[in-house]
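Everything below concerns the one structure shown next.
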Amino acid sequence: MSDPHSKPKIRWHIIVFLAPAVLVYTAVMIYPLFNTLRLSLFSEVEQTRVFVGLQNFRTLFGDAVWSAQFWNALANNFWFFLIHMLVQNPIGIALAAILSHPKLRFASFYRSAIFIPTILSFVIVGFAWKLILSPIWGIAPGMLDAVGLKSLYAPWLGKEAYALTTLSLVSVWQFVGIPMMLIYAALLSIPDEILEAAEVEGITGFSAFWKIKLPLILPSIGIISILTFVANFNAFDLIYAAQGALAGPDFSTDILGTFMYRTFFGFQLQLGDPHMGSTIASVMFAIILIGVCLYLFGIQSRMRRYQF
Amino acid sequence: MSVARQNNFNTYAAHGALILYTLIALFPVFVIVINSFKTRKAIFREPLALPNSDSFSLIGYETVLKQGDFFLYFQNSMIVTVGSLFFILLFGAMAAFALAEYRFRGNLIMGLYLALGIMIPIRIGTVAILEMMVQTGLVNTLWALILVYTAQGLPLAVFILSEFMRQVSDDLKNAGRIDGLSEYRIFFRLVLPLVRPAMATVAVFNMIPIWNDLWFPLILAPAEEVKTLTLGSQVFIGQFVTDWNAVLSALSLAILPVMALYVVFSRQLIRGITSGAVK
């Protein structure tokens, strides 16, 4: 104490408190992440690992077979994401807006019930919808028949043109609870004085939502968008549970997650290739990183935050 | 008068929309569960009818319990989920305390380093994780899954818990120090009990994704004796795909534990989300 410049003694308890978390996190998450990026620069030649530089990336983008598969998966992934943004998030916001009405009865019942699909596993969701939409069982055609729209029915999951959109909508059905909850929380945090002031000015109902509430919850919508983006670009389970690793019919539901899994583990006659798997993982990492950076620097920093 | 009528109309419209969406959300679950209690004929003849004395049958459940080892799968899922939550909470709280309580060089960097993992999915590193698990002999053990889920859960846990730990009063901790308590005792005896609600929130957030994960069980622990319930039911359904009774019963059995967890923890979960813990 007498000499503030003397070397402070090491406070061991800080190290003890930090060490387990930092060790597990570094060893099981960060190190493998960078190791995967590193492995994408290697290839296996005669059962030994050799450094090949960017050759794997050249194969992925340049080789006709690989690049066709890659761009197909990427395009499908963007469509998957787009449907979530256009269907899941607006429905979630609408449900939250209705739920946040202060005098609504049974609000907590509706909230809990609508959240139920979110807690189910992809396996349950994938198979349940597969059965319901199946032409063999006939629930979907039967229900359409009941409202006179039977001609609209098609075995959606089996048709190349519809399968991806159908699965995206199933995923929307599953996860609509998350935007609903987050927006609901944001709407509840808007102070009553603001809404009352608007009411005095004659702004109520729909226009209050568009003009007052929506601008105030924009930051939450931004967070939901980036969460949706990250979740969609490493999605895998639902497609795998419903369509298998081949992401049929004819790869029409293939997204980056299933593409990476197939490449890494192999399927049918193709052998698994960890190095090409790492290459695809690196590209996924880059895409997610770009998305997150765009959000952090492009959107979030420009958004005005209101402090109440 | 007219305002009142319009309000009535709005209330009906709101309830109408919510009831419609609730039906959409619950319908598939309802159809699966009621049909799992029916005979094969009744499943196809009247898929939307409730089981009655004629159509009631437990044949699907019998097949599932005979053919699949669902008790083992359930036990594995329990061990993995509880084990991962234990380590996420213990290690997460310790690190959060260090970051929130002490000023030391590198504090901010350490916080940012740990926060990186909130946005980056651990799945990207799968190839190297599998390689590491093979080298250390952990592949096809439950430890592999526990380690991965712990690493995956820690970033958000540290982030949320350190926010809460900053709110614990300094006077209390300093009083403890004057009484001669060690830093460890201050953490375990004084601080941990006070952040219990935040710990519960973190636990509930992590519980469902861990329980439902298919990717890592499929890659790191596909052997029969370490299958989790999610992977087990996926494989079972794949094998019995033409036996509709068995498939529907397996799905219902897989829904059951998650629903039970949800009924117990839904208030905590919803409070956690709506209190803004994930901002």
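Modelled this way, with points 7 Å down the Cα-to-C-beta line, the labels at B:GLN67 and B:PHE86 are 3.5 nm from one another.
Hey, what angle do you get for helix B:229-239 against the long axis of chain B, alpha-carbon based, 0 to 90 degrees rounded to 10? Tilt relative to chain B: about 30 degrees. With R₀ set to 41 Å, the beta-carbon distance separating B:ARG40 from A:TRP71 gives a calculated FRET efficiency near 0.40.
In chain B, the DSSP-assigned H stretches of four residues or longer account for a calculated mean residue ellipticity at 222 nm of -24000 deg cm²/dmol, using -39500 (n - 2.57) per stretch and the full residue count as denominator. Under a Gaussian network description of chain A, with springs only between Cα atoms under 10 Å, the residue in A:ASN89, A:ASN234, A:ASN35 that fluctuates furthest is A:ASN35. Residues whose amide H comes within less than 5 Å of that of A:PHE42, counting only those at least five positions distant or on another chain, are A:VAL52 (H built at 1.01 Å from N in the peptide plane). Estimated from helical segments only, the mean residue ellipticity of chain A at 222 nm is -19000 deg cm²/dmol, where each DSSP H run of four or more residues counts as -39500 (n - 2.57). Each residue of the stretch A:256-261 was assigned a 3J(HN,Hα) from its phi angle through the Karplus expression (A = 6.51, B = -1.76, C = 1.60, θ = phi - 60°), giving 4, x, 6, 4, 5, 4 Hz with x at Gly and Pro.
Sequence-ordered 3J(HN,Hα) estimates for the stretch B:162-168 from the Karplus curve with 6.51, -1.76 and 1.60 and θ = phi - 60° stand at 5, 4, 6, 5, 5, 7, 5 Hz, glycine and proline given as x. Using θ = phi - 60° in the Karplus curve 6.51 cos²θ - 1.76 cosθ + 1.60, the 3J(HN,Hα) couplings for the stretch A:18-35 round to 7, 3, x, 5, 5, 5, 4, 4, 5, 6, 9, 10, 6, 4, x, 4, 6, 5 Hz; x is entered for Gly and Pro. Across A:ALA286, A:ALA163, A:ALA245, mean-square fluctuation computed from a Gaussian network of chain A (C-alpha pairs under 10 Å connected) peaks at A:ALA286.
Over chain B, Cα pairs under 8 Å with separation of 6+ residues give a relative contact order of 28 percent. By the count of neighbouring beta-carbon atoms within 10 Å, fewest first, B:TYR113, A:TYR261 end up ordered B:TYR113, A:TYR261.
Under a Gaussian network description of chain A, with springs only between Cα atoms under 10 Å, the residue in A:ILE288, A:ILE190, A:ILE217 that fluctuates furthest is A:ILE190. Taking Cβ atoms as reference points and 14 Å as the exclusive limit, the residues near A:ASN56 contribute a net charge of 0, counting Lys and Arg as +1 and Asp and Glu as -1.
We did not get these values from a lab; they are worked out from the coordinates using the rules stated. None of these values were measured; they are calculated from a predicted model. Every residue, glycine as well, gets a Cβ built from its backbone with ideal geometry; the counts of neighbours run over all protein chains shown.
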